[in-house]
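The values are calculated or read from the model by the stated rules, or taken from the named source; none is laboratory data. Quick caveat, the model's predicted, so the values are computed rather than measured. Every residue, glycine among them, receives a Cβ derived from its backbone with ideal geometry; neighbour counts consider all protein chains shown.
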């Protein structure tokens, strides 16, 4: 509900995923990534999507998809290991 708005923050903010896990330790840890890819009008014209050999180029090719994947895999590993030596993992 309370968000910090930049000059170009849209009036409607999209959905978010927020989870908190309580552990047995003291430290607070936050893992954060974004799932949107937003570019200004006309940027696709200057940086079109293309494939060159085994590589893809263009807007949003990598973005923060690796961050989302890293968080999901980290949570799965911690759960599988039974690791809870943190106060709050957000």
Selection over the stretch 50-70 where residues are touching a strand residue (DSSP E or B) at 6+ places or on another chain (Cβ under 7 Å) and part of a loop (DSSP other than H, G, I, E, B) yields a count of 1
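Conditions tested, residue by residue: (1) surrounded by 13 or more Cβ atoms within 10 Å (Cβ to Cβ); (2) touching a strand residue (DSSP E or B) at 6+ places or on another chain (Cβ under 6 Å); (3) at positive phi; (4) assigned to a loop (DSSP other than H, G, I, E, B).
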| residue | (1), (2), (3), (4) |
| --- | --- |
| 40 | no, no, no, yes |
| 44 | yes, no, no, no |
| 75 | yes, no, no, no |
| 83 | yes, no, no, yes |
Notebook entry, point to check: Condition test on residue 61, is it farther than 24 Å from residue 9 by Cβ and modelled with pLDDT under 90?
Noted result: yes
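May I ask you to say which residue of 16, 35 is in a loop (DSSP other than H, G, I, E, B) and either modelled with pLDDT of 95 or more or surrounded by fewer than 10 Cβ atoms within 10 Å (Cβ to Cβ) (or both)? Before you say what the answer is, go through the steps one by one.
On the way: 35 fails: either modelled with pLDDT of 95 or more or surrounded by fewer than 10 Cβ atoms within 10 Å (Cβ to Cβ) (or both).
16 is the lone residue from the list that is in a loop (DSSP other than H, G, I, E, B) and either modelled with pLDDT of 95 or more or surrounded by fewer than 10 Cβ atoms within 10 Å (Cβ to Cβ) (or both).
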